[in-house]
Structure formats: structure tokens, C-alpha cells
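Engineer: Quick one: structure below, then a few questions.
Where a number appears in this text, it was derived from the coordinates with a stated rule and is not lab data. Not measured: the values here are computed from a predicted model. Note that we place each Cβ from the backbone using ideal geometry, even for glycine, and neighbour counts take in every protein chain shown.
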Amino acid sequence: MIVLGAGVSGLSLGWRLASSGVPVEILEAGPFVGGLAGTVREDGYCLDFGPHSFFSEDPRISKTVLDLFDPPLIPAGRSVKFYYGGRYLDYPITGTSLLFQMGWGSGIRAFGSFLKGRLGAPRRLVRSPLTGAGPPGRNGGDEQSLEDWAIESFGEYLYRTFFKPYTEQFWLIPARELSARAIPTHTRLSFARTLALLVRRGVTKGGASLVERERLPAVYPGTGYGEIAERIAQKVRQAGGRIHLNSRAAEVRRLPQGGFRVRHALEERGPQIEGSHVVSTIPLPALIRMLHPAPSPHVFSAADRIDYRPLIFLGMATQRQEVLRASYVYLLDRPYNRITEMNKFSARTSPPGENIVAVEIPALRESPLWRASKEELFDRCIGSLEEDGILHREEVKRLFLVKAPYAYPIYRKGYAGHLQVLIDDLKSRPGLHTLGRSGEFMYMDADQCIQRAFDLADRLLSAGFKTAV
Ligand SMILES: Cc1cc2nc3c(=O)[nH]c(=O)nc-3n(C[C@H](O)[C@H](O)[C@H](O)COP(=O)(O)OP(=O)(O)OC[C@H]3O[C@@H](n4cnc5c(N)ncnc54)[C@H](O)[C@@H]3O)c2cc1C
């Protein structure tokens, strides 16, 4: 079995298969394991790829991860705020926060606008991303725009006040061009969902209108989220699996006698590895472009229309403690959409007496921002940080830059059709599977990646898969 990518998906699959005696070879392009769930470490500083903590509604997956650690993982507070109009609103938004923190005027306008929308127009039936069964993009295509869906669900006022500015700041794409599914059911953008629950269930004491996953108890490894992936990698190796770092897959070739040969270097005569099955967790369009026999031109053109938004996470080391009133804060109208304080996750992510404040900067891969240096990014952000009283230039002693080119699948209107073209092509290639957030082009948290990896491993094993690599 050849696995492309050593993020949590590839590692978890490798762990399960190697533990059942299957020879496993994992190829990872980068210099360390973990992918988006990895941690960059420098001189005692640890920076994740955006704020991460571990939580799961599946007790078996929780136990699997918790059992990797002794001493146990530390509870992560996961207090989250939305900084809006000079006020810190609770996140996810509760009835209390909408009415009391945002102000009565705004709360009443929000409800008025919502009711007006409801009474004025017959409700169109959509498969809501709030309740949508099954993974996004896999069920064919209602393709309502995010704009239409948000106005229909929440009314014009909340759409104009929150959804449109936040969505467009985050995605850098007009809300009307995004699919309604761009609001994931359970991620940081689940702000939408909380509002839907609020207006559907009514305002209840204690703020019951919440996103369930946001409220699950969370834990964090002491020295970076990447410890989870590193421990799973240890398990893979203990079970006899091999992980090849700095080994970027460049070609996946089907062999005439069955099975695959994967070349993992850019040179024509680079190292090669053969196996009966390939599971890819790398970005889906990249896989399509390296397949032999090559897919037909319409598959390539569908692959060109599937894209991901990158992540730029700029860390600023400081001796200042207690910087934010939450683990992380969402903001509007800043050069960054989120600020994170690493000490709120674990004080061991910096040397003693220090802290890292990190900002997430929205960018597209083709923009100059993506290529900007950490100093340039710092210059872009520090003015706003100073204005908000969060951090001053002279308090920052060192910069760190973490980048991920394929962090967020972009659910543009029409994406589901293009995705289906790729899925259909892959179905015609027995022995080749895709898995994970990048591999399946699907929003997932790490626990869900582990779950899907275990499920695929179990399906392969129960189908009698036990062939030698
Ligand atoms: C900002 C942010 C915050 C998040 N917060 C949370 C959270 O709090 N809790 C949570 O559980 N989840 C969170 N997630 C989600 C979580 O990080 C992902 O679901 C998970 O890490 C995805 O793992 P994966 O293995 O499927 O994909 P990836 O991590 O993308 O792994 C793919 C791997 O393939 C490698 N690769 C790429 N191309 C090649 C190639 N050609 N050859 C070989 N290897 C290649 C990459 O280097 C990478 O290591 C967050 C994600 C983001 C972006």
C-alpha cells in the first residue's frame, strides 16, 4: 500500500493497515509529518497551522487520540470571540450575545429583517448546509449561492452586517459566487449555523442556540497540535510502516500487470515505489495531473476549476502575557481575519515567560501577499494591532511564518459538478482511493479525518486486501 501524504489522514490509514500486517509506504512532500495538523518548531517556539484543538463527538476516536498520551492531554479552553463594532461578542453567537452584547437595536433589527424575509417570500427548498446529510459535494448538486441562502435563512440585516463582510474578507470572493456549502457545518465559519439555530429555536436562557461541535470538550498537546500526528507516526513505524519525508509524489502510473508505480521526485529517473493500492490524501487536482494513463481533457479542465484557499499564519513572539480575552478572536475590516494567542492553548508553545500572538491573513495563491516575507506581512498588520491595543511594534521580538498552499477547499458555485467529474474518473481506476480534507475536497476536522481513514482501512481489510506492496 502506498499512501500519498503524511497528514492525519494518511498517517491514520497507515497506522490501521500496518497494525493489521499490511506493508505500508507513506510518501510526504514536506520535511515533517502532520500536514495542516502539524507544528513548526524553532528554538522552543511552536506554531500550528492556525488555531487547533482536538475534539470529537465520537468517543472511540477521542479515546484513540487520548490513549496516545501519557501524561494526558491538557484541556483547551477554546474561548472564542467575534470583535464587532468595538465589542467582543461570544462565538458561537448566543441569543444573549445577539441581544445584550450586540445591542438591543441590532438584535431587534436582525429579528425584524428575518421575519420580513420569512413573511415576504415563499421558502425555497434547499438542502441546507446546516442540516445537510452526507459530505458536501458528494450528493450532487443543489447550488444555491451563499448570498441567497444566507438572506433566506437570516434576513437581509444579518447578511449585510455579518455574513457578507466576513465571508468576503475570508474567501476574497463575492458571496454570490460561493456555494451555500461554503459555510461548513462545523468549522470556524459556523457562525452562520449558530444564527440559524438561534432564529429557529428562539432565544433561550443560557444560549442553547449553539453549534454542537464548537461546544465539545477540547484538548491540546503541550508543545503543539502536531504532537498528535507525530505520535500516530510513531505507531505507524512501530507497526512496521515506513514514512518517507521530503518525498513529493510526482507521477502515479498504473502497471499493465495491475498495481501502481509512484515516482516521488521531479526528475524523470527519480526514486520509484510499487504497490497494489494507492491512497491519496494530497490535493485532488494535483493527483489528477499526475495520473497515468492520463485522464481525458474534460477531466483536466474540471480539475482546473477546483481550488483551495491558502493559509498564511504570521506568529509574533512577545513577552506580553494575557494579550486577548479569548483563545482566538475573529475580526472584520482588518488585514487579518483572526488573531490567536498560543499561550491560551499551552504555555509550553513558547520558552518560559514568552508568548506567541499570531494573525491569519487572507490571501490567494496568485496574489503578491502569498509571496510576501514575514517582515512585509508584519508591516501590513502591526498598525491595526496597535490601533486595537493588542500589540505594539516594540513588544515583538521575533517573527514566524507558517504557510499552507491548500488549506480551505473553495466551494464556488458549480464546484460540485466539477468535483463529480473527478470522482467519476477516479472510480474507473481500481485500487486508487482518495481520502482526507485535501484528498476528498471536503471540510473536515482532524477527528473526522481519523474516522474516515479508519473506515477506509476497515473496508479495504474486510474486502480481503492484504497484498504485498
Ligand atoms: C486554520 C485551520 C484550523 C483548523 N482547526 C482545527 C481544529 O481546531 N481541530 C481539528 O480537529 N481540525 C482543525 N482543522 C482541520 C485539520 O487541520 C484538517 O482536517 C487535517 O489536518 C487534514 O488532514 P489531512 O491529512 O486530510 O490533509 P493534509 O493535512 O492537507 O495532509 C496532506 C499531506 O499531503 C502532503 N502532500 C501534498 N502534496 C504531496 C505530494 N505531491 N506528495 C506527497 N505528499 C504531498 C502535504 O504536505 C500534507 O502533509 C483546521 C484546519 C485549518 C486550516
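Engineer: Assigning unit charges at the beta carbon (Lys, Arg +1; Asp, Glu -1) and nothing else, what dipole magnitude in debye, to the nearest 20, does region 308-409 show about its Cα centre?
Structural biologist: Dipole about the Cα centre, nearest 20: 420 debye.
Engineer: Something else: In angstroms, what radius of gyration and Dmax does region 373-462 have, counting Cα atoms only?
Structural biologist: When restricted to Cα atoms, region 373-462 yields Rg and Dmax of 20.7, 60 Å.
Engineer: Once you have the Cα-Cα distance between K116 and A265, take 0.36 nm times their residue separation minus that, and quote the gain in nm to one decimal.
Structural biologist: 47.7 nm
Engineer: Most exposed first by the Cβ proxy, i.e. fewest other Cβ within 10 Å, how do E394, E230 rank?
Structural biologist: E394, E230
Engineer: What is the Å³ per residue value for the convex hull set by the Cα atoms of region 326-371?
Structural biologist: Hull volume over Cα atoms, normalised by residue count, gives 94 Å³.
Engineer: For K344, K397, K116, K164, what ranking results if the residue with the fewest other Cβ atoms within 10 Å of its Cβ goes first?
Structural biologist: With the fewest neighbours first, K344, K397, K116, K164 line up as K397, K116, K164, K344.
Engineer: Next question, about the same structure. Relative to the present Cα-Cα distance, how much length would full extension add between S19 and Q238 at 0.36 nm per residue of separation?
Structural biologist: 78.0 nm
Engineer: Now, a different point. What is the set of long-range amide H partners of I26 at a cut-off below 5 Å, with H atoms built 1.01 Å from backbone N?
Structural biologist: V3, R242, I243, H244
Engineer: Excluding residues on the same chain fewer than 8 positions from K81, give the aspartates and glutamates whose Cα lies under 14 Å from its Cα.
Structural biologist: Candidates past the 8-residue exclusion: D90, E214, E341.
Engineer: Below 8 Å between Cα atoms, with a sequence gap of 6+, how large is the relative contact order for region 286-356 in percent?
Structural biologist: 26 percent
Engineer: Run the numbers for R60 and D388: contour at 0.36 nm per residue of separation, minus the present Cα-Cα distance, in nm.
Structural biologist: So the extension gain works out to 113.8 nm.
Engineer: Another one. If I model a spin label at Y88 and K427 as a point 7 Å from the Cα along the Cα→Cβ vector, what separation in nanometres do I get?
Structural biologist: Computed distance between label sites Y88 and K427 equals 5.0 nm.
Engineer: To continue, here is another question. Only counting other Cβ atoms within 10 Å, I'd like R176, R237 sorted with the fewest neighbours first.
Structural biologist: Listing R176, R237 from fewest to most nearby Cβ atoms yields R176, R237.
Engineer: Structure shown: which of K374/K403; K116/K164; K63/K344; K235/K427 lie over 22 Å apart, alpha-carbon to alpha-carbon?
Structural biologist: K63/K344; K235/K427
Engineer: Between K397 and S79, how many nm apart are label points set 7 Å from Cα along the C-beta direction?
Structural biologist: So the label points at K397 and S79 sit 2.6 nm apart.
Engineer: Now for a separate question. Between R160 and R459, what is the label-to-label distance in nm when each label sits 7 Å out along the Cα-to-Cβ direction?
Structural biologist: The two pseudo-label positions are separated by 4.7 nm.
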